[in-house]
There are 2 protein chains.
Amino acid sequence: MQLIRHPASPILKPKPLNDWEALNVFNCGVVYFNDLFHMFYRAQGVDYVSRIGYAVSADGVHFNRFEQPVLSPQDEWETRGVEDPRITYLADEGRFIMAYTAYSPLGITPMFAASTNLITWRRIGPLIVGEDNKDHVLFPRQIGGRYVTLHRRPPSIWIAYSDDLKNWDDFRVVMSPRPGNWDCRRVGAGGVPVETEHGWLVLYHGYDDEFVYRFGACLLDLEDPTQVIARPHECILEPRETWEFKGDVPHAIFSAANPVVDGTVYVYYGGADRVIGLATCALDEILGWVTHDE
Amino acid sequence: MQLIRHPASPILKPKPLNDWEALNVFNCGVVYFNDLFHMFYRAQGVDYVSRIGYAVSADGVHFNRFEQPVLSPQDEWETRGVEDPRITYLADEGRFIMAYTAYSPLGITPMFAASTNLITWRRIGPLIVGEDNKDHVLFPRQIGGRYVTLHRRPPSIWIAYSDDLKNWDDFRVVMSPRPGNWDCRRVGAGGVPVETEHGWLVLYHGYDDEFVYRFGACLLDLEDPTQVIARPHECILEPRETWEFKGDVPHAIFSAANPVVDGTVYVYYGGADRVIGLATCALDEILGWVTHDE
């Protein structure tokens, strides 16, 4: 099974006249709420500092963006940028959680922030400090009475648990690279896990010895998401378009968003760290494929 | 009593590189919701077609705007523009109503539209057709089991009632110009009436024989808003700044927004049909002045 690129892709491009997003707009989180696709995208000007912009769309394809970012570097942990937002809606609490990566000479730090209006964000704190850790994304509900997040300790996808989104423990490996496969070097989670009757559908990225990024899909157990129920060998998208090959990081496609709207999975992804593309599939189709492929 | 101009005024200016708002940004509606000021502003490029842009702010002073308008002309009634939005939040229904003026060679038409997310708007229909009528604004709750709107049949402020926001009846005069005063030629409602223990606080504009616009304030009876309880003789703001004198319509200050946040009345207004200014006062202060001035 392969995702189908939307013909309007890339659907968001750098805006040359806006300093902060003049060079690159790429990895983005997207949450569907109140009949709208709310996109939070990583943007860079020629200073290569990442800021997070906000755009909104009724159809998921045509986005209207703000002239100023909604999240910018704030302290010494973020001087080089705030990156790769993933947005989880906690329906039970009526609030949104942004998982993003803080970057500075001090290193990279997986951070969480919260909002009730999607515009103003309050920092909660880091998942962990002092190690190479990113690609974290919060599950959309508590599991076993605790918050759960995927994250990435190279080269694998890990999990962690928390009672308050501030203190995290029970760090465990969920899924590692597969030797000889497209995901043989590193893997990292995509967008917010999708709850289905078969399990948590998790899209993820991986790359190989040639540093070519591809997307895959797997299923995690609903009540114990450390358990991988299914993980097909094939990828579901690989670089093919010029704007996926050429850019600031060639052959990098990177997704942090896979909202499901009316039975369709909308996979938004950065193309070569320069533009944002959209590829889709039917939820039923990918679930059928994931559960029966192996 | 006089409103105090915020020193950052004008707080929104035309954006030369955006065609649709390159020349003028002026009359705006502002609703405070979910800890944010949501502004809907009339904008014109050099074609003089009015479109409605959207901007948002946490502090009421610094706004972040979308690159594209949220409401644009749609049919033969709107070919020359959509103008002067006033935004009412119907808390009981969880939805927003925009009162705006449609303009075309067919004339001007006071229109209503609805939204639950402030971004996508669905037209409801006109208050009335075939007459010179605008400056309409919906009360924020039903009164006596019916929706109520102020509107303007020249030269006075009128009222009308409806069960469904589509069919309006019981048209009556509420308030007329006062000979020899600053509001001797025409009057029209400002932003959404503010419910207080003393009555509905209504800000309004008026102009005199020199076509100088000024703002005034009055109180309407809570249960029978056709009854004017108080209406001081003095105005509360008159043109003084260069950007209020000079622009597309000199000496025109025009407000369609007076949200109350933490006890402060935020009066947003178009300055000379070119920029947007902000002036404020304490709600207690203006209420004291309105109720005791006469």
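How do the strands (runs of 3 or more DSSP E) wholly within the stretch A:244-294 filter down when requiring 1 or more residues that are aromatic (Phe, Trp, Tyr): which remain? Spell out the reasoning first.
Details: elements: A:253-257, A:264-271, A:275-282.
Those strands (runs of 3 or more DSSP E) span A:253-257, A:264-271.
Looking only at residues in the stretch B:277-294 that are without any contact (Cβ under 8 Å) to a residue 40 or more places away in the chain and of a type outside the set (A, V, I, L, M, F, W, C), the one that is surrounded by the fewest Cβ atoms within 10 Å (Cβ to Cβ) is B:His292.
A:Leu71 - would you say it is away from chain B (no Cβ under 14 Å) and at pLDDT 95 or above? Write out each step before concluding.
Values: away from chain B (no Cβ under 14 Å): no; at pLDDT 95 or above: yes.
So A:Leu71 does not fit the description; no.
Results for (1) hydrophobic (A, V, I, L, M, F, W, C); (2) touching a helix residue (DSSP H, G or I) at 6+ places or on another chain (Cβ under 7 Å); (3) free of Cβ contacts under 8 Å to residues at least 12 places away in the same chain, shown as yes or no for each residue.
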| residue | (1), (2), (3) |
| --- | --- |
| B:Tyr207 | no, no, no |
| B:Ala256 | yes, no, no |
| B:Val265 | yes, yes, no |
| B:Tyr269 | no, no, no |
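Checked against (1) surrounded by 20 or more Cβ atoms within 10 Å (Cβ to Cβ); (2) over 20 Å from B:Phe96 (Cα atoms); (3) among the acidic types (Asp, Glu), B:Glu238 passes all but condition (1).
Here is a check on your reading of the model: is B:Glu76 within 11 Å of chain A (Cβ to nearest Cβ) and either in contact (Cβ under 8 Å) with a residue 60 or more places away in the chain or farther than 24 Å from B:Val249 by Cα (or both)?
Details: within 11 Å of chain A (Cβ to nearest Cβ): no; either in contact (Cβ under 8 Å) with a residue 60 or more places away in the chain or farther than 24 Å from B:Val249 by Cα (or both): yes.
So B:Glu76 fails the test.
Restricting attention to the stretch A:48-64, and to residues there that are among the β-branched types (Val, Ile, Thr) and away from every other protein chain (no Cβ under 13 Å), which single residue is farthest from B:Leu71 (Cα to Cα)? In this case the residue turns out to be A:Val49.
The number of residues in the stretch B:1-47 being under 16 Å from the mean Cα position of the chain (by Cα), away from chain A (no Cβ under 14 Å) and under 24 Å from B:Leu287 (Cα atoms) comes to 3.
With respect to (1) open to solvent by 40 Å² or more (accessible area, probe 1.4 Å); (2) in contact (Cβ under 8 Å) with a residue 40 or more places away in the chain; (3) within 19 Å of the chain's Cα centre (by Cα), the lone exception for A:Arg95 is condition (2). When B:Phe112 is tested against (1) more than 23 Å from B:Leu150 (Cα to Cα); (2) assigned to a strand (DSSP E or B); (3) of a type in the set (A, V, I, L, M, F, W, C), just one condition goes unmet, and that condition is (1).
In the stretch A:98-118, the residues that are free of Cβ contacts under 8 Å to residues at least 40 places away in the same chain and under 14 Å from A:Arg152 (Cα atoms) reach residues that are open to solvent by 10 Å² or more (accessible area, probe 1.4 Å) and aromatic (Phe, Trp, Tyr) with C-beta atoms within less than 7 angstrom, at least six apart or across chains, in these pairs: A:Thr109/A:Trp77.
Against the list (1) open to solvent by less than 10 Å² (accessible area, probe 1.4 Å); (2) closer than 29 Å to A:Thr264 by Cα, the condition A:Glu78 fails is (2). Going through A:Val129, A:Val174 one at a time, which residue ends up being in contact with a strand residue (DSSP E or B) (Cβ under 9 Å, 6 or more places away or on another chain), assigned to a strand (DSSP E or B) and of a type in the set (Val, Ile, Thr)? Unique residue meeting the criteria: A:Val174. Considering the stretch A:113-138, the residues that are within 24 Å of A:Phe215 (Cβ to Cβ) and surrounded by 15 or more Cβ atoms within 10 Å (Cβ to Cβ) include one that is farthest from the other protein chains (Cβ to nearest Cβ), namely A:Asn133.
Checked against (1) open to solvent by 40 Å² or more (accessible area, probe 1.4 Å); (2) farther than 20 Å from B:Ala8 by Cβ; (3) in contact with a Gly (Cβ under 6 Å, 6 or more places away or on another chain), B:Arg274 meets all criteria but (2).
The values are calculated or read from the model by the stated rules, or taken from the named source; none is laboratory data. Keep in mind the model is a prediction, meaning the values are calculated, not measured. Please note: Cβ atoms are built from the backbone with ideal geometry, for glycine as well, and neighbour counts cover all protein chains shown. For accessibility, only protein heavy atoms count, side chains too; no ligands or nucleic acids. Shrake-Rupley method; radii C 1.70, N 1.55, O 1.52, S 1.80 Å.
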